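The structure under discussion appears below in the form of structure tokens.
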Amino acid sequence: MKRPRQRHSTERDGKRYIWYTERLWELAKGLPEYEAEVEQFEELDRDCWFSERKPPTIREVAGHCQRINEADFSKPVIINDNGRLMDGGHRLARALLEGRKTVKAVRFEEMPQPDEVEEIQVDSNLGLWSARWRSHSWFGNELKCESDLLHHGFYLLYQCISLYNRILSDPKNLSDPYIEVCALTTVKAHHLIFGIYNLIIDGIAQESGALLRPLIETCDLLEYVRVKPERAADIRNDKKPSAGEIGKKIDSEFQGLRNHLNKNASHLSFSEDSIRHLRDSESGFLKFIPTHGRVVLQKNLAMVNSFLNFLLFESVSCLGYIGMDINELADQIERWRDECYTVNLRA
């Protein structure tokens, strides 16, 4: 079967520039060759061959496997003026599989004239919901198992909150500081993690760092009170230690993440990690329409799931201390956790 005409495209200044691969080869013939480090290419961790319009079916994957096996290292990969790959993805994949450290490469210091230029069409609602629509499409197909498990985790957390509501329906429990602190912290954690989940499916996971930090505080606080229930009285009387002090007293497993958030996500920062989602590294063009890839979404779902796992453990433990019959719910959580391990839905 005849392969479709290969091309490379990039977006700059609100336009899409297109070069046909056979012309790129001709233009690159006079460029000096050098050895480029395989691991320098950002494309190793990007979707360069598939998209929501072209799902990775077995046939599509088999076709790329054949091209990887046939990749010719005598031809250099072609790099643009910003260091991004223009041609040579299959050679790069073969080099990665064979453990090669470098590949032969050439680079355009000045970009040649494109074969085509297209205006990037922006829809009337500015594409504000395009990332969410894409997420839901994956939830119905490639990420259905992960999505179903995550939603079941939210349901289990809702079950914990429902048990707290049952406890608080007895007026005498309203004055119990342990019950009140655990109940309010659990529902606060639910709202935070639900907010993070919505930011993730909208393609702006980086901004969820502003919610992730207080989520960590709720997780630490539940553990802090579970270890010593008498601490709840001080917390209820507005004598709660600082988040840092609580983290130190329980030897919080989230300290490394908290430090990362402090640097890159919880505050306005211009570090590379903080601005990567705001500007295209190749063109410098500002990315005002939220976007994400399936692999990134899957990793972010695993992060949310890990926090759900922690919250469910702490919540059901606190409910057990109060004296609630949690055996059935604990069994459900354990089965859910085992399923998450089966599909590797853990960060």
Relative contact order [Cα under 8 Å, 6+ residues apart], the chain, whole percent
19
Under the Karplus curve 6.51 cos²θ - 1.76 cosθ + 1.60, θ = phi - 60°, whole-Hz ³J(HN,Hα) for segment 81-93, x wherever Gly or Pro sits
5, 9, x, 9, 6, 9, 8, x, x, 6, 5, 5, 5
Work out, step by step, the length gained on full extension between Phe194 and Thr342: first 0.36 nm times the residue separation, then minus their alpha carbon distance; give nm to one decimal.
50.9 nm
Residue order, fewest to most surrounding Cβ atoms within 10 angstrom, among Ile204, Ile167:
Ile204, Ile167
Based on the Cβ-Cβ distance from Leu27 to Ala210, what FRET efficiency comes out when R0 is 56 Å, to the nearest 0.05?
0.75
Tell me whether segment 7-119 comes out rounded, prolate or oblate; compute the Cα gyration tensor, take square roots of the eigenvalues as a ≥ b ≥ c, and use a/c under 1.5 as the rounded threshold.
oblate
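Given N residues in the chain, what is Rg(Cα) / (2.2 N^0.38 Å)?
Relative to the rule-of-thumb radius for its length, the chain sits at 1.25.
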Cα gyration tensor shape of segment 73-203, rounded if a/c is under 1.5, else prolate or oblate by comparing a/b with b/c
prolate
Residues other than Phe310 with Cβ under 9 Å of its Cβ, Lys/Arg counted +1 and Asp/Glu -1, net out at -3
Any cysteines in the chain with zero other Cys Cβ atoms under 4.7 Å from their Cβ? List them, or say none.
Cys48, Cys65, Cys145, Cys160, Cys219, Cys340
Explain nothing, just compute: Karplus ³J(HN,Hα) = 6.51 cos²θ - 1.76 cosθ + 1.60, θ = phi - 60°, for every residue of segment 324-331 in order, whole Hz, x for Gly and Pro.
6, 7, 10, 4, 5, 5, 4, 5
Please order Tyr158, Tyr197, Tyr20 by the number of other Cβ within 10 Å, starting at the fewest.
Tyr158, Tyr20, Tyr197
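Read-outs: derived from the displayed coordinates by stated rules, not from any lab. Because the structure is a prediction, the values reported are computed rather than measured. Backbone-built Cβ (ideal geometry, glycine too); neighbour counts: all protein chains shown.
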